[in-house]
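The values are calculated or read from the model by the stated rules, or taken from the named source; none is laboratory data. Please read these numbers as outputs of a predicted model, since none were measured by experiment. Cβ placement follows ideal geometry from the backbone for every residue including glycine, while neighbour counts extend to all protein chains displayed.
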Amino acid sequence: MSAPAVVRLERIIGVVLRVGVTASSVGLALGLALLLVGAPASSLFLQIGIIVLLATPVARVVVSIVEYAVERDWTFTVLTLVVLAELAASLMAAMYGRKL
Amino acid sequence: MPIVTATLALIIFAAGVLAGSLGALLGIGGGIFLVPFLNIGLNLPLQAAAAISLTTVIATSSSVSAGRAGKQVINMRLGMVLEVATAAGSLLGGVTAQMLPQSALQMLFGVMSAIVAVIMLSRLGRRNVILDPTVEPGLLGGRFHEHESGGTVTYRVKRLPVALVASFLAGQVSSLLGVGGGVIKVPVLNAWCGIPMRAAAATSAFMIGVTATAGAVIYYGHGLLVPELAAAAVLGVQLGSWGGMHFGARASAKWLKVLMAGVLVVVSVLMFGRGIR
């Protein structure tokens, strides 16, 4: 991967993380504020906030896979794909575990 | 599961501010302080405490790394390689969390963090950096500008298998106890793998988002995550880590190591004490 591509990947990841963490914080803050005033919509905002929070690192991994593939850096494309597969496995474990 | 009240949410928010600032300062996430407080201080079940803590670890990782991205202090290539190991450990830890006796794991954690503290303190004088900027960092090494010395720090990664094993263990501990796992990774990367403290802490902080997500998803799916309390903790930690980041930029690496060793001793005593009870 070339030096400009590394800098670009860092910038894109920075944006993904910032947008994700800001969106989830807004959702969680709204949810908590609505909870304190007793509004029924609070749990919806809280759930959205949690889901966006959990999705942010996943989005960062997906973006990395795309960038490495565009740069034809196959070693790192495969490595990040393995990380994504592990995150998918944890989602499967979460769903399977619920049935126990 | 605990009953959610405004007072409880407020206490957790305040605890989050403190944990977040300390976590950002040390590059290990706030979990290491939050879990004992929620479990011992507020009497929350360990699993609920771990689940809340994991969400704050994700938030800390995302916000701290967003601020550092583009400054080259995060070694993203190394981070991505080690994430393969941490995510695997985290997945295994999340799945086995209900099968293994918790007391044995807490005692193991106590012993391990005590050992790491000793390693840290015995290697205070070592810098593990090559100050010659013309040195080739290799495939996984890195190069960044250090404010303290005013120079460019270049380093190569040594003993990658050791880093992978430490990352796998860190991932497991992360899911089982709800911490970021940086307490294991950072000292090992610094002491044995030739990575400067600043880069080790930044890379670890970057990785723990993915590590904690693999564990948090499992807790969330099992209904062990209380969204109201997680929200209070996440918002508190966000505020705290913002403050800690500003202060952390001026803290010296040596002071950071001493502080971190002290933290490890406290964590060791707390975890071991809980394990033998």
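So here's what we get for this one:
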{"read-out": "Hey, A:Ala29 within 7 Å of chain B (Cβ to nearest Cβ), at pLDDT 90 or above and out of contact with any Ser or Thr (no Cβ under 7 Å at 6 or more places or on another chain) or not", "value": "yes"}
{"read-out": "Region B:66-78, subset assigned to a helix (DSSP H, G or I) and of a type in the set (D, E, K, R), residue surrounded by the fewest Cβ atoms within 10 Å (Cβ to Cβ)", "value": "B:Arg68"}
{"read-out": "A:Val21 vs. criteria crowded, with 17+ Cβ neighbours inside 10 Å, at the interface with chain B (Cβ under 8 Å from one of its Cβ atoms) and in a helix (DSSP H, G or I)", "value": "yes"}
{"read-out": "Residues (more than 21 Å from A:Ile12 (Cα to Cα) and not in a helix (DSSP H, G or I)) located in region A:59-100", "value": "A:Leu100"}
{"read-out": "Failed item in (1) more than 9 Å from chain B (Cβ to nearest Cβ); (2) under 16 Å from the mean Cα position of the chain (by Cα), with A:Gly38 passing the rest", "value": "(2)"}
{"read-out": "Every residue from region B:81-115 that is under 16 Å from B:Ile218 (Cβ atoms), out of contact with any helix residue (DSSP H, G or I) (no Cβ under 7 Å at 6 or more places or on another chain) and either at pLDDT below 70 or not polar (S, T, N, Q) (or both)", "value": "B:Gln98, B:Met99, B:Leu100"}
{"read-out": "Hits in region B:38-65 (condition: farther than 17 Å from B:Gln172 by Cβ and surrounded by fewer than 22 Cβ atoms within 10 Å (Cβ to Cβ))", "value": "B:Asn39, B:Ile40, B:Gly41, B:Leu42, B:Asn43, B:Pro45, B:Ala48"}
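Each row is one residue, and each column tells you yes or no for (1) surrounded by fewer than 22 Cβ atoms within 10 Å (Cβ to Cβ); (2) within 7 Å of another protein chain (Cβ to nearest Cβ); (3) over 20 Å from the mean Cα position of the chain (by Cα).
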{"site": "A:Ser2", "(1), (2), (3)": "yes, no, yes"}
{"site": "A:Arg11", "(1), (2), (3)": "yes, yes, no"}
{"site": "A:Ser42", "(1), (2), (3)": "yes, no, yes"}
{"site": "A:Ile48", "(1), (2), (3)": "yes, no, no"}
{"site": "A:Leu53", "(1), (2), (3)": "no, yes, no"}
{"site": "A:Arg72", "(1), (2), (3)": "yes, no, yes"}
{"site": "A:Val83", "(1), (2), (3)": "no, yes, no"}
